[in-house]
């Protein structure tokens with residue numbers, strides 16, 4: 001039989017063991033409750049990459065089997081005539097200003113006639129003297145008192161004097177500038193009181209009846225593809241966003257010595273708001289029998305291009321998700337690329353924001369204007 005002290009110690013050990021088991025059970029229950037509570041919470045939010053990304057779209061359109069060329073140019077009147085006097089002198093008056101509309105035959109400027117009148121009087125006096133001298137010598141020759149060569153010299157002198165009379169009268173007639181046709185004063189490089197030389201430009205008149213043309217400089221490689229009568233679209237921002245239909249009316253035969261380009265003129269339709277000097281862009285289209293058939297998309301839709309292959313993001317029918325697609329590339333235009341294969345006409349591709357996308361990414365479609373505003377705000 002165990003002593004009483006030993007029995008007490010054993011009872012204490014049993015009590016401690018019971019308390020430890022109770023604490024372990026409580027800890028297990030608490031852990032289970034915590035795990036249960038965590039399992040009942042909502043799942044964490046999706047990563048930021050799953051947020052819909054704003055993009056703009058472009059529709060793949062059928063290629064027309066050709067290429068185009070956009071080039072800047074200037075509106076001019078077909079005939080812009082510089083006017084001046086035929087003799088030197090002082091400008092007495094210029095009766096029009098730049099921008100004035102003038103009628104055919106209208107007096108535009110006058111030269112001071114003082115020196116011209118004096119020249120006419122002098123020429124006429126010299127002609128009378130030479131003629132009298134010739135008649136006198138002719139009578140003396142008939143009597144045998146002078147030789148034939150002297151008479152011939154007098155005849156030539158009289159003829160020259162008569163020519164000077166005609167010349168001085170012609171200069172006097174051109175001392176007044178008249179409008180060659182109805183039109184507009186484009187420039188007035190001279191002013192009253194100025195001493196002018198023969199042929200110096202005093203006014204430049206744009207003749208209304210000649211119509212307007214759009215002049216562009218073309219390189220020799222492009223000139224070879226241009227034909228008379230070829231249609232083109234001309235966009236002039238000052239006259240509105242709608243392009244005008246024009247046609248090639250003149251092709252330069254000699255290149256410019258400084259630039260090596262050839263001047264080509266496109267006949268423009270008559271419009272009351274047309275002005276010489278307006279700047280715009282002409283787009284010429286060229287047929288190409290060797291062109292690759294396919295569709296065209298904006299150049300900004302293509303990424304990771306290498307050789308004749310590249311990638312685009314095609315949006316699904318719902319307009320909410322994009323899919324990566326590899327395409328075969330054709331010719332590159334000014335702002336577009338021909339897709340030889342991999343896209344069908346009518347499919348929509350992402351035109352901006354491709355650098356932020358991945359295959360299967362969610363997107364939201366925005367208008368191009370809104371995209372530009374967003375980009376400007378980020379830059380600011």
> Could we say that residue 168 is assigned by TED's automatic domain parsing to the domain that holds residue 131 and either modelled with pLDDT under 95 or within 30 Å of residue 75 (Cα to Cα) (or both) here?
Replying inline: yes
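Quick grid of which residues meet (1) loosely packed, with under 15 Cβ neighbours inside 10 Å; (2) modelled with pLDDT under 95; (3) not assigned by TED's automatic domain parsing to the domain that holds residue 244:
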| site | (1), (2), (3) |
| --- | --- |
| 61 | yes, yes, yes |
| 85 | no, yes, yes |
| 88 | no, yes, yes |
| 101 | yes, yes, yes |
| 108 | no, no, yes |
> What number goes with the only condition from (1) under 27 Å from residue 262 (Cα atoms); (2) modelled with pLDDT of 90 or more; (3) part of a loop (DSSP other than H, G, I, E, B) that residue 225 does not pass?
Replying inline: (2)
> What residue, among those in region 257-272 that are closer than 20 Å to residue 69 by Cβ, assigned to a loop (DSSP other than H, G, I, E, B) and within 19 Å of the chain's Cα centre (by Cα), is modelled with the lowest pLDDT?
Replying inline: 259
> Going by the conditions given, is residue 372 at pLDDT below 80 and surrounded by 12 or more Cβ atoms within 10 Å (Cβ to Cβ)?
Replying inline: yes
> Of the residues 285, 275, which is on the phi < 0 side of the Ramachandran plot, over 14 Å from the mean Cα position of the chain (by Cα) and in a strand (DSSP E or B)?
Replying inline: 285
> Wholly within region 72-138, which strands (runs of 3 or more DSSP E) include no fewer than the required count, namely at least 1 residues that are within 30 Å of residue 244 (Cα to Cα) and touching a strand residue (DSSP E or B) at 6+ places or on another chain (Cβ under 6 Å)?
Replying inline: 80-83
> If you go through region 239-256 one residue at a time, how many are in contact (Cβ under 8 Å) with a residue 12 or more places away in the chain and either loosely packed, with under 12 Cβ neighbours inside 10 Å or in a strand (DSSP E or B) (or both)?
Replying inline: 9
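The values are calculated or read from the model by the stated rules, or taken from the named source; none is laboratory data. These numbers come from a predicted model, not from an experiment. Every residue, glycine as well, gets a Cβ built from its backbone with ideal geometry; the counts of neighbours run over all protein chains shown.
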